[in-house]
1. Does the range 48-60 contain any residue that is without any contact (Cβ under 8 Å) to a residue 24 or more places away in the chain, closer than 24 Å to Leu10 by Cβ and of a type in the set (Val, Ile, Thr)?
2. Condition first: in contact (Cβ under 8 Å) with a residue 60 or more places away in the chain and either closer than 19 Å to Ala18 by Cβ or in contact with a Leu (Cβ under 8 Å, 6 or more places away or on another chain) (or both). Now tell me which residues in the range 77-102 satisfy that.
3. Would you confirm whether any residue within the range 24-46 is at pLDDT 85 or above, out of contact with any Asp or Glu (no Cβ under 8 Å at 6 or more places or on another chain) and crowded, with 19+ Cβ neighbours inside 10 Å?
4. Suppose we keep only residues that are aromatic (Phe, Trp, Tyr) and within 13 Å of the chain's Cα centre (by Cα) within the range 63-101. Which one would you say is modelled with the lowest pLDDT?
5. Taking interchain pairs and intrachain pairs at least six residues apart, which have beta carbon atoms under 8 angstrom, with the first residue in the range 26-37 and of a type outside the set (Gly, Ala, Ser) and the second surrounded by fewer than 17 Cβ atoms within 10 Å (Cβ to Cβ) and assigned to a helix (DSSP H, G or I)?
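The values are calculated or read from the model by the stated rules, or taken from the named source; none is laboratory data. Quantities reported herein were computed from a predicted structural model and do not represent experimental measurements. No Cβ is skipped: glycine too gets one built from the backbone with ideal geometry, and neighbour counts run over all protein chains shown.
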Amino acid sequence: MRIEVIGRGLEITDAIRAYAESKVEHVGKHFDGVSATAVTVTKADHSHKGEYDVEIVSSVPKHDPFVCHAKNEDVYAAIDQASQKASRQVTEYKNRLREGNR
């Protein structure tokens, strides 16, 4: 699975990149069909204190990409929230595929 970490309005440090990649790897473990994931971290204003917006886009075959957002004042908490949402979306999709048209 390919993972991209993109920063808008801030520089992505090695620590943020490693943390985001470790959290997003769990999304791929739930469903083998995830081919690529993009994590975009945006800081709304350029002041010292601000809110971070994290968007995770997970691409799967034969379906539109799954998109989830999370906002928080702490970048790590926002990554946690968004990765939990992405895991839930992918897991529900996997369960629908497994159940079929029952």
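1. Going residue by residue through the range 48-60, those that are without any contact (Cβ under 8 Å) to a residue 24 or more places away in the chain are 48, 50-51, 57.
Those still in the list that are closer than 24 Å to Leu10 by Cβ too: 48, 50-51, 57.
After this cut, where a residue has to be of a type in the set (Val, Ile, Thr) as well, the list is 57.
Yes, because at least one residue in the range 48-60 is without any contact (Cβ under 8 Å) to a residue 24 or more places away in the chain, closer than 24 Å to Leu10 by Cβ and of a type in the set (Val, Ile, Thr).
2. Going residue by residue through the range 77-102, those that are in contact (Cβ under 8 Å) with a residue 60 or more places away in the chain are 79, 83, 86-87, 90-91, 93-94.
Result: Ile79, Ser83, Ala86, Ser87.
3. Yes.
4. Phe66
5. Here the result reads His30/Thr91; His30/Lys94; Phe31/Thr91; Phe31/Lys94, each pair linking the range 26-37 to a residue that is surrounded by fewer than 17 Cβ atoms within 10 Å (Cβ to Cβ) and assigned to a helix (DSSP H, G or I).
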